[in-house]
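Asks: Sharing a structure below in structure tokens format, with a few things to ask.
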Amino acid sequence: MISCVMFDLDGTLCDTLRDLAEATNHALRQDGYPEHPLEKYKQMVGNGITKLMERALPREAAEPDQIARCRAAMLAYYQAHLLDYTRPYPGMEALVEALSRQGVGLYVVTNKPEAQARAIVEALYPGEFAGVAGQRPDKPTKPDPWGIELFLSQGGYRREQCLFVGDSNVDAQTAAAAGVRCAGVTWGFRSRQELLEAGARWVVDKPEALLELVESEG
């Protein structure tokens, strides 16, 4: 029985790619580094902002001080432009509403900085999620499972009652580390093959299929 569903944010609940790319390119441009096309960012995001900046900078410039400098510039710009282009994926609002009506506990576990994750979730899915765990200075990023563990404990859920939903190998690895089942989604930033190779138990192509999965496993 699935009593709670925990979602990744970027590439799963919301298409955030363009806003992330615009903010990263802004930071690169400030220091005279080459920018990247939107499509390339699909392989660069997913492991937190620090890793994103490390990947975006030229290899010879990816030193700790420069990564930190560009990260700060990126985050300052991103904070002011969180919702310029970011939107829920088609069908996701209806899915979240349907799960909420059925009494399923809903949570977000993401590598996006927590304050920004909360702002996006509340703007686009107001009142639907019981908790948001994002990147915190005192916590490791996914695939460390601390966010899943936090909400399992808070909600009093058993591991077999939880489904983790994401679009990348990092999400499948996070679910495995927490001992919960994972459903991968193909509308995000990574491929079906990556999800399967990383251990996703199911891979779905549309939100309606995810709802059917939750109901069938319930």
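Asks: Report the gain in length on full extension from residue 81 to residue 136: 0.36 nm times residue separation, minus Cα-Cα distance, nm rounded to one decimal. Don't skip to the answer; put the middle values down first.
Replies: On the way: separation 55, 0.36 × 55 = 19.80 nm, distance 2.05 nm.
Full extension of this stretch gives 17.8 nm more.
Asks: Lysines near residue 51 by alpha-carbon distance under 20 Å, same-chain residues fewer than 8 away left out - which ones?
Replies: Partners within reach: 40, 42, 112, 139, 142.
Asks: If eta is 0.692 mPa s and T is 37 °C, what Stokes-Einstein diffusion coefficient results for the chain, Kirkwood Rh from Cα pairs, in µm²/s?
Replies: Values: Rh = 17.4 Å.
Taking Rh from Cα pairs, D becomes 188 µm²/s.
Asks: Taking the Cα atoms only, what angle lies between the long axis of helix 17-30 and the longest principal axis of the chain, rounded to 10 degrees?
Replies: 20 degrees
Asks: Could you pull the accessible area for residue 84 with a 1.4 Å probe, rounded to 10 Å²?
Replies: Surface accessible to solvent at residue 84 totals approximately 70 Å².
Asks: To continue, here is another question. Once the Cα atoms of helix 169-178 and of the chain are each reduced to a long axis, what angle between those two axes, in degrees from 0 to 90 to the nearest 10, is obtained?
Replies: Tilt relative to the chain: about 50 degrees.
Asks: Note the angle between two axes, namely the Cα long axis of helix 207-217 and the longest principal axis of the Cα atoms of the chain, as a number of degrees from 0 to 90, rounded to the nearest 10.
Replies: For 207-217 against the chain, the angle is about 40 degrees.
Asks: Now a separate question. For the range 111-218, with only Lys/Arg (+1) and Asp/Glu (-1) charged at the beta-carbon, what is the dipole magnitude about the Cα centre, in debye rounded to 20?
Replies: Numbers: 12 positive and 16 negative charges, 55 e Å.
The calculated dipole for the range 111-218 is roughly 260 debye.
Asks: Hey, another quick one. Tell me the carbon and sulfur percent of the accessible area for the range 65-218, rounded to whole percent, probe radius 1.4 Å. Spell out each step's value before the answer.
Replies: Working: 3280 of 6910 Å².
Of all accessible area on the range 65-218, carbon and sulfur atoms account for 47 percent.
Asks: Compute the accessible area per residue over the range 158-218, keeping the other protein chains in place, probe 1.4 Å, unit Å².
Replies: Details: 2600 Å² over 61 residues.
For the range 158-218, the solvent-accessible area averages 43 Å² per residue.
Asks: Counting pairs of alpha carbon atoms under 8 Å apart in space and at least six apart in sequence, what relative contact order in percent does the chain give? Spell out each step's value before the answer.
Replies: Details: 379 pairs, mean separation 57.5, N = 218.
Answer for the chain is 26 percent.
Asks: Peptides 1-8, 44-51: what's the order by average Cβ count within 10 Å, highest mean first?
Replies: On the way: 1-8: 22.1, 44-51: 20.6.
Ranking, from highest mean packing down: 1-8, 44-51.
Asks: If you find the alpha carbon centre of the range 166-218 and of the range 1-50, how far apart are they in angstrom?
Replies: 19 Å
Asks: Percent of alpha carbon pairs in the range 16-59 separated by more than 11 Å? Don't skip to the answer; put the middle values down first.
Replies: Numbers: 576 of 946 pairs.
That tail contains 61 percent of the Cα-Cα pairs.
Asks: Where does the chain land at 222 nm, in deg cm²/dmol rounded to the nearest 500, when only DSSP H runs of n ≥ 4 count, each adding -39500 (n - 2.57), divided by all residues? Each step should come with its number before you reach the end.
Replies: Details: 9 runs with 97 residues, N = 218.
Value at 222 nm, helices only: -13500 deg cm²/dmol.
Asks: Quick one: which of 127-135, 152-160, 73-81, 169-177 comes out on top by average Cβ neighbours within 10 Å, and what's the full order, highest first?
Replies: The most tightly packed comes first, giving 169-177, 127-135, 73-81, 152-160.
The values are calculated or read from the model by the stated rules, or taken from the named source; none is laboratory data. The model shown is predicted, which means the values in this text are computed figures rather than measured ones. Cβ atoms come from the backbone with ideal geometry, glycine included; neighbour counts cover every protein chain shown. With ligands, DNA and RNA removed, areas are computed over all heavy atoms of the protein, side chains included. Shrake-Rupley method; radii C 1.70, N 1.55, O 1.52, S 1.80 Å.
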